[in-house]
1. Identify, by number, the condition in (1) within 15 Å of the ligand (Cβ to nearest atom); (2) touching a residue at least 24 places away in the same chain (Cβ under 8 Å) that residue 102 doesn't meet.
2. Suppose we filter segment 1-34 for residues that are among the charged types (D, E, K, R), over 23 Å from residue 65 (Cα atoms) and away from the ligand (no atom under 16 Å from the Cβ); how many remain?
3. Within segment 35-45, count every residue that is more than 14 Å from the ligand (Cβ to nearest atom) and either crowded, with 22+ Cβ neighbours inside 10 Å or not in a loop (DSSP other than H, G, I, E, B) (or both).
4. Could you give every pair whose Cβ atoms fall below 8 Å, whose first residue belongs to segment 19-33 and is outside any helix (DSSP H, G or I), and whose second residue is among the polar types (S, T, N, Q), counting only separations of at least 6 or pairs across chains?
5. How many residues are in a helix (DSSP H, G or I), surrounded by 20 or more Cβ atoms within 10 Å (Cβ to Cβ) and not small (Gly, Ala, Ser) when one looks only at segment 64-80?
Amino acid sequence: MRILIIDDSKFIGKMVGEMVSPKGHQFEHALDGKEALDLLEKDSKFDIILLDWNMPNLDGVGFLEEALEKKLHLCPIIMMTTENSPEKIMKAIGLGASEYIMKPFTPDILFGKIDQVTKRAS
Ligand SMILES: [Mg+2]
C-alpha cells in the first residue's frame, strides 16, 4: 500500500512512518496541504491519505476543498484530529474525507481505520 501523510509535524510523520514501514507499506510525507497538492498533481497513485487539520500554508480543510475542485480525491482520506469536534468532522466528511482518528493513536487504531476505509472503497 502507498500512504501519503500530510502533517506539519515531523514527529507525527516519523511516528506514522515507523508504524507503516515494518508492514511493508511505502509512505510519503508532505508538510502542508500545498506541498501535498503539488505532489498529487505529479503522482496521484496513493491508496490512503492521512490528513492533519492544522497546518501552515494550506490546512486540512483547505486541502480537501482544493483536492475536490481539482478532482484529486483519488483515494480514501483519514483525518487526524486532536479535538473531538463533530461540526468540524462533518465538514471534513462533506468535503470527501472518509474517516477520522484522534491523535495520538496506536498502530492498531490506525490499521483498523485503514482496513475499514479500504474495504468500503473496494
Ligand atoms: Mg498540525
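Values quoted throughout were computed directly from the atomic coordinates according to the rules given, and no laboratory measurement underlies them. Computed from a prediction, not measured in an experiment: that's the story for all the values here. For neighbour counting, all protein chains shown are included, and Cβ atoms are generated from backbone atoms with ideal geometry for every residue, glycine included.
1. Here residue 102 meets the rest and fails (2).
2. Quick first cut of segment 1-34, residues among the charged types (D, E, K, R) only: 2, 7-8, 10, 14, 18, 23, 28, 32, 34.
Filter once more, keeping what is over 23 Å from residue 65 (Cα atoms): 10, 14, 18, 23.
From the residues that got through so far, the ones that are away from the ligand (no atom under 16 Å from the Cβ) too are 18, 23.
Residues flagged as among the charged types (D, E, K, R), over 23 Å from residue 65 (Cα atoms) and away from the ligand (no atom under 16 Å from the Cβ) within segment 1-34 amount to 2.
3. At the first step, the residues of segment 35-45 found to be more than 14 Å from the ligand (Cβ to nearest atom) are 37-45.
Checking which are either crowded, with 22+ Cβ neighbours inside 10 Å or not in a loop (DSSP other than H, G, I, E, B) (or both) leaves us with 37-42.
Total meeting the criteria: 6.
4. From residues that are outside any helix (DSSP H, G or I), the pairs are 27/21; 32/57.
5. Looking only at segment 64-80, we keep the residues that are in a helix (DSSP H, G or I), and these are 64-69.
From the residues that got through so far, the ones that are surrounded by 20 or more Cβ atoms within 10 Å (Cβ to Cβ) too are 64, 67.
Filter again for not small (Gly, Ala, Ser), leaving 64.
The qualifying residues number 1.
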